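These notes concern the structure reproduced below.
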Amino acid sequence: EVQVLESGGDLVHPGGSLRLSCTTSGFTFPHYAMAWVRQAPGKGLEWVSTIGGTTGNTYYADSVKGRFSISRDNSKNTLYLQLNSLRAEDTAIYYCAKMTGPTVGALYFDSWGQGTRVTVSS
Amino acid sequence: QSVLTQPPSVSGAPGQRVTISCTGSNSNLGTTSDVHWYQHLPGTAPKVLIYGNNNRPLGVPDRFSGSRSGTSASLAITGLQAEDEADYYCQSYDSSLRAWVLGGGTKLTVL
């Protein structure tokens, strides 16, 4: 059974930093792209970032480009998201998701975690 | 403003059929990129309902179905049940943005 578990969410001041982790099990982690998706209070789901499995290529939403950094440790089956220069509008529940699909255009989020809450406030 | 547009809300009585639309553009739904649908209950992990335009994962009832045409897609739910009350999102890939995009979400209310 695929399991995905996020951690690291916290209350942080504007301009601060945070690192989220996502530990996984139940699948061959290095073979799959992984992503972070967030949901701000009262808003819908927003894709944040993706990292390729074998390629390790990274992709970011414009709203976080230059501030957030996605990475993975395939030896630990763990995904990370480094959040820097945090803003109030980054306040959200951050979900880690496994991606699957035969091509970039067919990739979708097939397994999700329960999320970790990030609050940016002074 | 989401790249994919969904109605904010839909509603239906138990047993009825409802559809949720998802409108995109020539750089996402108008390409060969697939459309996928998710169900999300607040406080829980989102769940994929439809992948690859019209495929259901194991365990998803056949009351849920997906279709697409041109730059639009739809999720249909037949035989509405109280447990279907949730938020629903469409998702695809945008080749101009080089980003995975989600609709703004539709809240389904079962009357």
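The values are calculated or read from the model by the stated rules, or taken from the named source; none is laboratory data. Note that the coordinates shown come from a computational prediction; the quantities given were computed from them, not determined experimentally. Just so you know, the surface numbers come from the protein's heavy atoms only, side chains and all, with ligands and any DNA or RNA stripped out. Shrake-Rupley method; radii C 1.70, N 1.55, O 1.52, S 1.80 Å.
What the table shows:
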read-out	value
In order through the range A:69-76: 3J(HN,Hα) via Karplus (6.51 cos²θ - 1.76 cosθ + 1.60), integer Hz, x for Gly, Pro	9, 9, 8, 8, 10, 5, 6, 10
Solvent-accessible area buried by B and A, counting both chains, probe 1.4 angstrom, square angstrom	1800
Derived scalar couplings ³J(HN,Hα) [the range A:32-37; Karplus, 6.51 cos²θ - 1.76 cosθ + 1.60; whole Hz; x for Gly, Pro]	10, 5, 10, 9, 10, 10
Value of relative contact order over chain B, rounded to a whole percent, pairs C-alpha under 8 Å and six or more apart	38
At least 50 Å² of accessible area lost relative to the chain alone, listed for the range B:68-111 with a 1.4 Å probe	B:89, B:100, B:102
For residue A:48, residues with placed amide H under 5 Å, excluding near neighbours	A:36, A:37, A:38
Shape of the range A:1-100, Cα gyration tensor, a/c cut at 1.5	prolate
Shape call, chain B: gyration tensor on alpha carbons, a/c limit 1.5	prolate
Accessible surface, the protein assembly as shown, averaged per residue in Å² (probe 1.4 Å)	45
Solvent exposure ordering (accessible area, 1.4 Å, most first) of A:32, A:94, A:108	A:32, A:108, A:94
Cross-link reach list, lysines versus residue A:76, counting only Cα pairs under 22 Å and skipping chain neighbours closer than eight places	A:98
Taking chain A and dividing mean pair separation by its residue count, relative contact order in percent (alpha carbons under 8 Å, at least six apart)	35
Karplus-derived HN-Hα couplings along the range A:108-122 (A = 6.51, B = -1.76, C = 1.60, θ = phi - 60°), whole Hz, x at Gly and Pro	9, 8, 9, 9, 10, x, 7, x, 9, 8, 10, 10, 10, 7, 8
The range A:1-38 versus the range A:51-68: alpha-carbon centroid distance in Å	13
Solvent-accessible ranking of B:31, A:23, A:78, largest area first, probe 1.4 Å	A:23, B:31, A:78
